[in-house]
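Asks: Quick one: the structure is below, and I'll ask about it shortly.
Just so it is clear, none of the values below were taken in a lab; they were calculated from the coordinates. All of these numbers come straight from a predicted model, not from anything done at the bench. Heads up, the Cβs are rebuilt from the backbone with ideal geometry, glycines too, and the neighbour counts pull from every protein chain shown.
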Amino acid sequence: KAVVMPEQGKIEIREFPFPDHLEDGAMIVRPIMSGICGTDKHAFRGESVQYAGTEREIFGSYPVIPGHESVAVVVEITPKAMSDIELYV
């Protein structure tokens, strides 16, 4: 399940399919908590331009899954993903 902003000012909870298998280099995580940031609040209000007035200006589009600031437990990981990451305790 995930919180989804399908359009400006709306929030829904949607179901997403669980993968049958992992591609090499992937992992599955179980989220414990997820925070929202100012960009998520702007997207909710329909303010989807990021880096306005710069050469990096981009326009966001809906749907949006907010909450990229997460804490999660790795429940499955492929060997390539394991070799590509650094683990910190």
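Asks: Residue farthest toward the positive end of the dipole of the stretch 1-49, with Cβ of Lys/Arg at +1 and Asp/Glu at -1: which of Phe18, Pro31, Gly46?
Replies: Of the options given, the answer is Gly46.
Asks: For the stretch 7-88, compute Rg over Rh where Rg is the Cα radius of gyration and Rh is the Kirkwood radius from the inverse mean 1/r over Cα pairs. It would help to have the intermediate numbers written out before the result.
Replies: Values: Rg = 16.3 Å, Rh = 15.5 Å.
That ratio equals 1.05.
Asks: Right, something else. What FRET efficiency would be calculated for the residue pair Lys80, Tyr51, taking the C-beta separation as r and a Förster radius of 25 Å, to the nearest 0.05?
Replies: Efficiency for this residue pair is about 0.15.
Asks: Each residue of the stretch 46-62 in turn: what ³J(HN,Hα) in whole Hz from Karplus with 6.51, -1.76, 1.60 and θ = phi - 60°, glycine and Pro shown as x?
Replies: Coupling constants for the stretch 46-62: x, 8, 9, 7, 10, 6, 3, x, 10, 5, 8, 4, 9, 10, x, 9, 9 Hz.
Asks: Here is a follow-up. Please report, in debye to the nearest 20, how large the charge dipole of the chain is about its Cα centre when each Lys and Arg carries +1 at its beta carbon and each Asp and Glu carries -1 there.
Replies: 340
Asks: Which residue, His68, His21, His42, tops the fluctuation ranking in a GNM of the chain built on C-alpha contacts under 10 Å?
Replies: Greatest mean-square fluctuation among the candidates belongs to His21.
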